[in-house]
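Colleague: Once you've had a glance at the structure underneath, I'll fire off some questions.
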Amino acid sequence: MRFSRFLLCGIILFLFFVITGCSSSTRTRMMVDSMDPLMANMNAAVNKHTDVELVKAALPAALLQLDGFIEASPDNTRLLVKAAEGYNGYSFIFVEDKSPERAMKLYYRAFQYASRALKQKQKFAEAFDGSRDEFKASLDVFDKEDVPALFWTASSWLSWVGLNVDDPEIFLALPKIKAMLYRSIELDESYKYGMAHTVLGALYATRPVAHGGKPEKAKGEFDRAFEISQRKLLLFHLMYARYYTYQIQDRELFVSTLQEAIDAPDDLLPAMGFANAAAKRKAKSLLNDVDNIF
């Protein structure tokens, strides 16, 4: 039945192009835009997959395909956000630990895609390179449907910043990143099971207390993410151990948090099977390195 519907849609689109005489570029863009529902289904299928190596092998081709789709339809916000999410996730899970320099480039690409979606709002585009106050005020143009673009812009920007600690401009970026995360939470804190809270928690836990770190705020953000997700998204355990437990130098909490993720059932959150499987693998790697971390 579903195949029949897709076939019917294809016939209708073909007749439309023939009758209207659309240009080649217009036809291509319209065909790409019409694929949004199918791509959403494909994305959901990948998220459910628990074979990390299979997904690792498939993702580069999928990302390049998204690049091509965006070339055909450069203002498609859904494509821009999906590409940002894809490049960000691929870099975090498979690249950052082995090649920070390459990860930095991938994070920046993710940031460019997501921010391009946001800059379709003129007020935000004009304020993007302005002062902190101008930037923060421009965020009021966004509503709940903009939360994915807000989150992936902020998250990818922060990941890029984290690999460019010697660049003095990062201190200008951090307040803007934080403002986007708070706006995302204000509009829909449940997006990705509360992931914006986790990113904020990592941001507050990145530096030691003696150098401006805020462990109380970090813990509050992580606790809220655990509450929203019901502790079912294991990436949050990974981030909590990696940043917060290290910040407060609690080796026992570090070990127990990672062990909780490792021991979790494989079907804990089927909709995020890939993320949980990847988190389990990274948790094992971190746990094996505990003596070098503490």
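Colleague: Which log10 I(q)/I(0) values does the stretch 237-294 give at q = 0.22 Å⁻¹ under the Debye formula, counting every alpha carbon as one identical point scatterer?
Modeller: Rounded to two decimals, the profile gives -0.78.
Colleague: Also: Hey, how much of the P(r) for the stretch 23-180 falls beyond 19 Å, as a percent of Cα pairs?
Modeller: Cα-Cα pairs in the stretch 23-180 separated by more than 19 Å: 58 percent.
Colleague: For the pair Glu126/Asp167, report the inter-label distance in nm, with labels modelled 7 Å from Cα in the Cβ direction.
Modeller: Rounded to a tenth, the inter-label distance reads 2.7 nm.
Colleague: While we're here: Rounded to the nearest 0.05, what FRET efficiency do Asn41 and Val290 have when you use their Cβ-Cβ distance and R0 = 35 Å?
Modeller: It comes to 0.30.
Colleague: Let me ask you something else. Let me know the charge dipole size of the chain about its Cα centre in debye, to the nearest 20, where only the beta-carbon of Lys, Arg (+1) and Asp, Glu (-1) is charged. Numbers along the way, then the final one.
Modeller: Values: 36 positive and 37 negative charges, 94 e Å.
Dipole size: approximately 460 debye.
Colleague: Turning to a different aspect of this structure: Considering the chain, what Rg and Dmax in Å follow from its alpha-carbon atoms?
Modeller: Cα-based Rg and Dmax for the chain come out at 20.4, 69 Å.
Colleague: For the stretch 189-294, what is the convex hull volume of its Cα atoms per residue in Å³?
Modeller: 82
Colleague: Then there's this: Please give the length that would be gained between Lys48 and Leu64 if that part of the chain were fully extended, namely 0.36 nm times their separation in residues minus their C-alpha to C-alpha distance (nm, one decimal).
Modeller: In short, 3.7 nm is gained.
Colleague: Given a Förster radius of 51 Å and the C-beta distance between Thr26 and Arg207 as r, what FRET efficiency does 1/(1 + (r/R0)^6) yield to the nearest 0.05?
Modeller: 0.50
Colleague: What is the mean projected area of the alpha carbon convex hull for the stretch 144-204, to one decimal in square nanometres?
Modeller: Answer in nm², one decimal: 3.7.
Colleague: Follow-up question, since we're still on this one. Tell me, what is the FRET efficiency for Ser256 and Glu227 to the nearest 0.05, using R0 = 25 angstrom and their Cβ-Cβ distance as r?
Modeller: Efficiency, from the Cβ-Cβ distance: 0.85.
Colleague: A follow-up question, please. Looking at the stretch 102-201, which GluC sites (Glu not before Pro) are in a loop (DSSP not H, G, I, E or B) and have at most 11 other Cβ atoms within 10 Å?
Modeller: Those that pass, being in a loop and sparsely packed, are Glu169.
Taken together, the values in this text are just the output of simple stated rules run on the coordinates, not laboratory data. All values reported here derive from a predicted model rather than from experimental measurement. Don't worry about glycine lacking a Cβ; one is built from the backbone with ideal geometry, like all the others, and counts go over all protein chains shown.
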